[in-house]
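Derivation of every value follows stated rules applied to the coordinates shown; laboratory data play no part. Treat the numbers as computed from the prediction; the structure is a model and nothing was measured. Cβ placement follows ideal geometry from the backbone for every residue including glycine, while neighbour counts extend to all protein chains displayed.
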Amino acid sequence: MQMLIRVFLVLLFMCAAWVRAQSSAPLPVSEIAPGNFVHYGGLEERSAANLGDNANIGFIIGNKCVAVIDTGGSFALGEGLRTALRARTALPVCYVIITHAHPDHFFGAAAFRGEQAVFVGHQNLPRALQQRGTFYLKTLIRDLQDLARGSEVVEPSLLVKDRLELDLGGRTISLTAWPTAHTDNDLTVLDSSTSTLWTGDLLFVQHTPVLDGSLTGFLSVIDQLAQLAPAHYVAGHGRTDQGWNAVLEHERRYFQLLADETRRALKSRRTLQDAIETVGVSETENWVNFDLFHRRNVTAAYTELEWED
């Protein structure tokens, strides 16, 4: 028995070492527009096998420096993104932009500390990180164990209240801080030279949309985003060849259905549990990870809309 235990521990150590080795390799990235490189995360749950690789992250290269947009769900992923970046340019990283305070988007930030970059976020991001950061780190360690090593919460020093333009050298990127929608700290990034919009989690493709802010606010922001006409876009999760209006409408339809059916449930004085079991179930086949996230969305919608006039 002791021999079997030893063999198991050796295999576990080798597996961990292999995963760590893979994490230092460059993440695969796609150049979706000149100078805009995206790593598409998976749609599965976070695990030691994927190191928390669940979000779309990447970077924009200018003539004088680089802006990183989100850094992945662990230090190891941040290292992989930095290695991919260094395979394409020797220019310094001047900005690391965090689109919002969800752990699959920011735990790789520490990998860029040595770049002497300015960390950028929504004006509400520091508060959100302070409120949730310790919990997020504990759950990351629970899921990744030793593979979470190096992951930490890095607070931004440059905050965006409304809009901010950053010069990368021959390329200007525009950051917009949105009202409460997916969260209360959502940022988008627009590369004006290629009309490429990085949406963070204001846009979900394939992956069930997640509500952690305001349902009515999210619908309002979607309407505002629909007025834009980017030539290229990077969703927070998922990928598709569909056009901008089509993907926005798909998300808008989900949230509108959630709002309409939740309001009907409230008007009929149905309980929260009944609403959780019935609201929006017609959307089950339209999204990945529906069982993981939809019930939470109904709970958030019910709690918000029960106070409507």
Requested in this report: Report, ordered by chain and residue number, the aspartates and glutamates lying within cross-link reach of Lys64, taken as a straight Cα distance under 18 Å and ignoring same-chain residues fewer than 8 apart.
Outcome: Glu115, Glu165, Asp167, Asp191
Query raised in the report: Cross-link partners among lysines for Lys161, C-alpha distance below 17 Å, same-chain residues fewer than 8 apart left out?
Result: none
Report task. Give me Ile32, Ile97, Ile173 ranked fewest to most by other Cβ atoms within 10 Å of their Cβ, as a rough exposure proxy. Result -> Ile32, Ile173, Ile97
Requested in this report: Output the antiparallel fraction of DSSP beta bridges having both residues in the chain, as a percent to the nearest 5.
Outcome: 60 percent
Report task. Excluding residues fewer than 8 places away in the same chain, name every one of the lysines whose C-alpha is closer than 25 Å to that of Lys138. Result -> none
Query raised in the report: What does the helix-only formula give at 222 nm for the chain: each DSSP H stretch with n ≥ 4 adding -39500 (n - 2.57), the total divided by the residues, and the result rounded to the nearest 500 deg cm²/dmol?
Result: -12500 deg cm²/dmol
**Report entry** Dipole of the chain, positive direction: furthest Cα of Val221, Gly72, Ser151, with charges on the beta-carbon
**Finding:** Ser151
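Please sort through the DSSP H helices of the chain and keep those with an alpha-carbon extent of at least 18 Å along the long axis and a Kyte-Doolittle average not below 1.0.
On the way: long enough: 2-24 (33 Å, 1.35); 125-144 (25 Å, -0.23); 244-267 (34 Å, -0.89); 290-305 (21 Å, -0.27).
Length and hydropathy pass: 2-24.
At 25 °C and 0.890 mPa s, what whole-number value in µm²/s does Stokes-Einstein give for the translational diffusion of region 19-202, with Rh from the Kirkwood sum over Cα pairs? Spell out each step's value before the answer.
Details: Rh = 16.0 Å.
Answer, rounded: 153 µm²/s.
Which value, in debye to the nearest 20, gives the size of the charge dipole of the chain about its Cα centre, when Lys and Arg are +1 and Asp and Glu are -1 at the Cβ? Walk me through the intermediate numbers first.
Values: 26 positive and 35 negative charges, 169 e Å.
Result for the chain is approximately 820 debye, rounded to the nearest 20.
Based on other C-beta atoms within 10 Å, arrange Tyr233, Tyr136 from fewest to most.
Numbers: Tyr233 24, Tyr136 20.
With the sparsest Cβ surroundings first, the list reads Tyr136, Tyr233.
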Report summary line: Over all viewing directions the Cα convex hull of region 189-274 casts an average projected area in nm² of 6.1 nm²
**Report entry** Cβ crowding within 10 Å averaged over residues, with 260-271, 47-58, 209-220 ranked highest first
**Finding:** 47-58, 209-220, 260-271
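Can you pull out the chymotrypsin sites (Phe, Trp or Tyr not before Pro) in region 24-72 that DSSP calls coil and that have at most 12 other Cβ atoms within 10 Å? Intermediate results must be reported in sequence, preceding the final value.
Details: sites: Phe37, Tyr40, Phe59; in loops: Tyr40.
Nothing satisfies the criteria.
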**Report entry** From the C-alpha gyration tensor of the chain, square roots of 5λ in Å
**Finding:** 32, 27, 17
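By how many nm would the segment from Arg264 to Leu137 grow when fully extended, if each residue of separation counts as 0.36 nm and the alpha-carbon distance is taken off? Please list the in-between numbers first.
On the way: separation 127, 0.36 × 127 = 45.72 nm, distance 3.84 nm.
Going from the current span to full extension adds 41.9 nm.
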